[in-house]
Protein chains: 2
Amino acid sequence: MSASKKIQAAIERSSWIRKMFEEGNIRKKKYGAENVFDFSLGNPNLEPPAKFKQVLKELADDPEPGQHGYMPNAGFETTRKAVADYLSGYNRPIFSADDVVMTVGAGGGLNVVLKTILNPGEEVIIPKPYFVEYNFYLDNHQGVPKVVATGPGFSLDMGAIEGAINEKTRAVLIDSPNNPTGKVYTEGELEALGKLLTDYSRKFGQPIYLVSDEPYRKIIYDGITVPSIFDAYNESFVVTSFSKDLSLPGERIGYAACNHDISDRGTIIAGMVLCNRILGFVSAPALMQRAVALLLEEAVDVSLYQKKRDLLCDGLQACGYEFVKPRGAFYLFPRTPIEDDVAFVAALQEENILTVPGSGFGGPGHMRIAYCVSDDTIVNALPGFERVIKKFKK
Amino acid sequence: MSASKKIQAAIERSSWIRKMFEEGNIRKKKYGAENVFDFSLGNPNLEPPAKFKQVLKELADDPEPGQHGYMPNAGFETTRKAVADYLSGYNRPIFSADDVVMTVGAGGGLNVVLKTILNPGEEVIIPKPYFVEYNFYLDNHQGVPKVVATGPGFSLDMGAIEGAINEKTRAVLIDSPNNPTGKVYTEGELEALGKLLTDYSRKFGQPIYLVSDEPYRKIIYDGITVPSIFDAYNESFVVTSFSKDLSLPGERIGYAACNHDISDRGTIIAGMVLCNRILGFVSAPALMQRAVALLLEEAVDVSLYQKKRDLLCDGLQACGYEFVKPRGAFYLFPRTPIEDDVAFVAALQEENILTVPGSGFGGPGHMRIAYCVSDDTIVNALPGFERVIKKFKK
């Protein structure tokens with residue numbers, strides 16, 4: 001044996017997804033990258049905002065002593081204070097720098113929060129469909145996912161969530177705006193969820209936490225706003241990154257924040273800081289911490305993503321695809337016209353259109369289309385989308 | 001309960017170390033930072049080399065499209081190829097880009113390697129004294145540390161290592177140049193270790209891996225070189241970072257490399273790439289990957305650290321401290337004149353000298369002095385070191 005049993009099994013399980021990506025790469029080589037329509041990855045196609053480039057130049061031109069050195073594991077005090085002030089601006093609680101831990105992206109932040117709270121075997125409720133990396137993140141800390149159904153339009157189903165709660169339930173993990181559906185949970189949904197978790201936390205004599213993964217908070221359309229998790233429930237964490245709103249996914253910069261009114265706040269904060277260290281992150285990257293502190297109000301031009309959404313939704317609707325029009329993020333999650341989403345995605349691939357089967361997100365019978373691509377890619381892929389649906393809907 | 005049981009216990013265990021740091025901070029506020037001699041942290045006091053600043057400016061001034069975007073989880077191909085060529089330059093095996101995974105520092109790299117190879121309950125042999133974070137890193141993946149004694153001058157004790165090997169042994173983890181002792185393992189020691197592990201791998205029918213943590217490889221003195229782990233043993237990994245040689249500890253950039261001749265190389269590499277992703281790192285920070293690819297032959301001026309070592313060693317020897325003179329890294333690990341190293345370190349603190357008890361590294365009866373500080377800090381602390389040893393050696 002070389003790799004551990006668990007890792008060997010994970011490599012084998014993920015091999016069909018890898019095969020798909022490899023098939024995509026073969027097609028790009030064969031037909032030219034411009035003739036392959038790659039909707040498979042959530043890699044933003046917009047460059048970072050001009051102000052980011054300016055801030056980065058200033059930091060590079062005029063470095064402070066120790067700019068690249070160690071700082072407290074939680075991150076630079078100035079950055080955490082800036083994030084706390086930003087959070088205080090749109091949530092009811094008033095945050096302090098201590099409530100914020102700068103992390104290696106949202107992936108790092110989720111692992112920090114999950115390791116802080118999870119005892120082995122404890123359960124985390126996740127509404128489906130969901131970002132499938134959560135399974136790995138839970139398993140890293142011996143947590144157990146309890147995947148529950150959602151209601152119409154991928155709304156939270158309180159009955160399904162309540163049905164999954166038991167004495168082993170440690171947290172509910174949500175993602176809003178959602179990957180892969182683009183669903184934004186409403187204030188009413190969050191209030192109902194907060195009330196439900198308050199009741200059961202009281203019943204069991206310890207908090208059931210609400211963890212919200214929010215890297216798409218600023219990627220929203222039609223003038224809506226994303227309601228506050230912190231206002232809806234005290235025993236809550238928000239994890240986010242600057243990967244999508246500043247188009248910096250490769251830089252691995254984000255943060256985890258606990259509610260300022262969370263129970264036993266001192267222990268929770270000490271736990272998060274300790275976990276950031278001992279998971280091997282040690283801290284978030286120093287230079288990017290300096291940069292984002294000056295860019296909290298910035299974002300890429302979201303209207304460009306809205307235009308892409310509309311191009312894609314109008315085009316797919318015209319040829320008969322069924323979907324819930326997303327209000328945020330840059331994913332569309334249509335029904336596949338046949339039950340077998342893997343087969344349908346394979347048929348799209350024959351048209352050089354790369355998408356991901358919904359099965360990969362706990363949502364079989366669907367596919368995920370990541371539309372963070374050029375407008376041309378969308379427009380030029382539409383005839384292929386139409387040919388394939390016609391083949392199956394005779 | 002708020003934080004998990006394990007994390008609560010870790011917070012409590014680490015509270016005396018935190019207390020020491022807090023006491024140090026109180027002293028800095030009370031007496032002025034310039035009057036407190038802080039030898040407690042391995043935070044390099046040298047700024048990054050001039051060429052790093054130039055490279056960073058060029059990257060900031062003239063960004064490539066997608067410079068801050070996602071790349072394959074293993075890292076940019078160009079960076080991995082550059083590292084592979086660098087490794088091929090001083091090791092017998094010829095490396096390819098695939099053998100290299102760019103990581104969030106050495107802390108990230110160690111967790112990637114350990115998660116790749118460890119099944120729950122498997123053991124990792126660690127010669128003491130050792131970097132105490134290894135305990136956490138093993139526990140993250142349900143591995144079990146088997147700490148073994150070292151011989152004279154902190155040399156590898158083959159008898160002790162052989163005595164600890166059993167069917168559950170999955171790896172030996174070494175750190176050379178060593179934190180906290182500065183010991184550099186010799187070619188002879190590594191060859192003997194390689195031979196021992198070859199024998200037992202054959203006996204048990206599966207490899208016992210050698211994992212070498214080498215962030216101090218370039219911080220060496222007296223014209224020595226650090227022998228190659230890859231030459232000594234095929235079933236080996238090297239994990240390192242640019243934290244110390246480029247003075248970038250806050251930027252979290254390093255790499256893990258497997259021996260090009262490792263058994264079952266394809267699975268090992270796939271496992272490392274998968275673990276980099278699922279542990280929440282996703283990838284190493286993009287901008288720093290671009291930078292270090294151009295800086296593999298660079299380092300801070302190591303002669304400055306050698307001067308600090310000599311200042312400290314000469315000064316402490318003159319007043320009666322006993323130690324093995326280190327050949328690398330920037331730590332000295334003297335015997336404390338009394339058995340109770342915690343008490344001795346507390347007495348030094350009374351003189352505003354901050355060090356760390358050897359007990360924190362599995363080496364009671366010693367203390368660690370991190371001499372990556374200004375020359376003045378060393379010179380001005382020597383009278384205090386002398387007063388304290390005189391108090392105990394009457």
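List of remarks:
- A 1.4 Å probe run over the protein assembly as shown, with the rest of the protein chains in place, finds 37 Å² accessible per residue.
- Per-copy distances of the residue B:375 label point, shortest first, in nm (7 angstrom along Cα→Cβ): 6.3
- Dimensions in Å of the protein assembly as shown - Rg and Dmax from alpha carbons: 26.9, 99
- In units of the rule-of-thumb radius 2.2 N^0.38 Å, region A:320-374 shows an alpha carbon radius of gyration of 1.06.
- For peptides B:263-270, B:212-219, sequence by mean Cβ density within 10 Å, most packed first: B:212-219, B:263-270
- Residue (of A:337, A:349, A:320) at the positive-pole extreme of region A:298-350, dipole from beta-carbon charges: A:320
- Assuming charge only on the beta carbon of Lys and Arg (+1) and of Asp and Glu (-1), the dipole of chain B about its Cα centre is about 980 debye to the nearest 20.
- Gyration tensor (alpha-carbon) shape descriptor, region B:160-287, a/c threshold 1.5: oblate
- For chain A, the mean residue ellipticity at 222 nm estimated from helices alone is -13500 deg cm²/dmol, where every DSSP H run of n ≥ 4 contributes -39500 (n - 2.57) and the total is divided by all residues, rounded to the nearest 500.
- With respect to chain B, whose longest principal axis is taken over its alpha-carbon atoms, helix B:265-278 is tilted by about 60°.
- For residue A:210, the residues 5 or more places off, or on other chains, whose built amide H falls under 5 Å of its own are A:172, A:236, A:237.
- Ratio Rg/Rh [Cα only; Rh per Kirkwood] for region B:97-235: 0.93
- Within region B:198-353, antiparallel bridges make up roughly 60 percent of the DSSP beta bridges whose residues both belong there.
- FRET efficiency for residue A:303 and residue A:387, using Cβ-Cβ distance with R0 set to 30 Å, rounded to 0.05: 0.50
- Taking only the Cα atoms of region B:257-394, the radius of gyration and Dmax are 20.9, 62 Å.
- Rounded tilt (10° steps) of A:50-61 against the dominant C-alpha axis of chain A: 50
- For region A:1-136, a crude dipole built from +1 on the beta carbon of Lys and Arg and -1 on the beta carbon of Asp and Glu, taken about the Cα centre, is about 720 debye to the nearest 20.
- Mean separation of Cα contacts under 8 Å (6+ apart) over length of region A:87-144, as relative contact order %: 34
- Using only the C-alpha atoms, the convex hull of chain B corresponds to 154 Å³ per residue.
- Cut-off 10 Å between beta-carbons: net charge of the residues surrounding residue B:384, Lys and Arg +1, Asp and Glu -1: -2
- Highest-MSF residue in chain B out of B:277, B:309, B:13 [GNM, Cα springs under 10 Å]: B:13
- Violating pairs (Cα-Cα greater than 26 angstrom) within the set B:218/B:391; A:28/A:53; B:81/B:168; A:28/B:115; A:168/B:5: B:218/B:391; A:28/A:53; B:81/B:168; A:28/B:115
- A crude spin-label estimate for the pair residue B:325 and residue A:58, with each label 7 Å from Cα along the Cβ direction, gives 5.0 nm.
- In chain A, Cα pairs under 8 Å separated by at least six residues give a relative contact order of 23 percent.
- In this rough spin-label picture, where each label sits 7 Å from Cα along the Cβ direction, the residue A:376-residue B:12 distance is 6.4 nm.
- Loss of accessible area when A meets B, both sides summed, Å² nearest 100, probe 1.4 Å: 5600
- Translational diffusion coefficient (Stokes-Einstein; Kirkwood radius from C-alpha pairs) of region A:64-174 at 25 °C, 0.890 mPa s, in µm²/s: 151
- Environment charge at residue B:30 (Cβ cut-off 15 Å; Lys +1, Arg +1, Asp -1, Glu -1): -3
- Label-to-label distance for residue B:186 and residue B:30 is 4.7 nm, based on points extended 7 Å past Cα in the beta-carbon direction.
- About the Cα centre, charge dipole magnitude for the protein assembly as shown (Lys/Arg +1, Asp/Glu -1 at Cβ), debye: 900
- Helix A:15-31 axis, angle to chain A major axis (alpha carbon atoms, nearest 10°): 60
The values are calculated or read from the model by the stated rules, or taken from the named source; none is laboratory data. If you're wondering where the values come from, they're calculated on a predicted model, not measured in any experiment. Every residue, glycine as well, gets a Cβ built from its backbone with ideal geometry; the counts of neighbours run over all protein chains shown. In case anyone asks, the SASA skips ligands and DNA or RNA and just uses the protein heavy atoms, side chains included. Shrake-Rupley method; radii C 1.70, N 1.55, O 1.52, S 1.80 Å.
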